[in-house]
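What follows is calculated from the coordinates using simple rules that are stated; it is not laboratory data. These numbers come from a predicted model, not from an experiment. No Cβ is skipped: glycine too gets one built from the backbone with ideal geometry, and neighbour counts run over all protein chains shown.
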Amino acid sequence: MNRFVSNLILGFFVLALMAVYGFAKQPTVYSMLTKETQPENTEEDARRVILPNGTTITAQVAMTGEERNQGLAGVEQLASDAGMLFVFDNSSTHSMWMKGMKTSIDMVWLDEGGKVVYLATNVPVPAEGDIEFPVYQSDEPARYVLELAAGTVDAAGIAEGQEIKLS
């Protein structure tokens, strides 16, 4: 009986630690409604992206697994000149999903040189309560995925084979 009680106490302790760790690791959610509401970007966490029609986008960079997992989840609305650039360690058919998303977006897969290899436009927000999410993936290897406000791909005339400049 004594061993059972000590294991029970240890189990509750572990659960409490996991709960505290989970709450502490909750990401900061930034609204990208206007430039004034965005956090100050440094060169390490933002890149200037030039679309084929010359439009410039300021993209937050997601390089680590944790940053890529968080992505734009929780962002209420994405400004037309803002986005997120997912940078992967290697070129592959990287998958994206909309878990935690609150606004529709366009996704652009880019190869090593910035050439558009796949597009997913006006990707819808998951329905409330969804526990399974569609996966969006390029058939061609990509090194980057650029997420933009929904409608940007059409407005900028972005098409597969075009080049997007990352600086």
Q) How much net charge surrounds M98 when only other residues with a Cβ under 13 Å from its Cβ are counted (Lys, Arg +1; Asp, Glu -1)? A) -3
Q.
Can you give the Rg/Rh ratio of segment 29-166, where Rg is from the C-alpha atoms and Rh is the Kirkwood radius?
A. 0.92
Q) With charges only on Cβ, +1 for K and R and -1 for D and E, what is the dipole size of segment 29-166 about its Cα centre, in debye, rounded to 20? A) 180
**Q.** Gain in span if fully extended, D139 to T121, counting 0.36 nm per residue against the direct Cα distance
**A.** 4.9 nm
Q: Would you work out the charge dipole size for segment 79-139 about its Cα centre, treating the Cβ of every Lys and Arg as +1 and the Cβ of every Asp and Glu as -1, and quote it to the nearest 20 debye?
A: 100
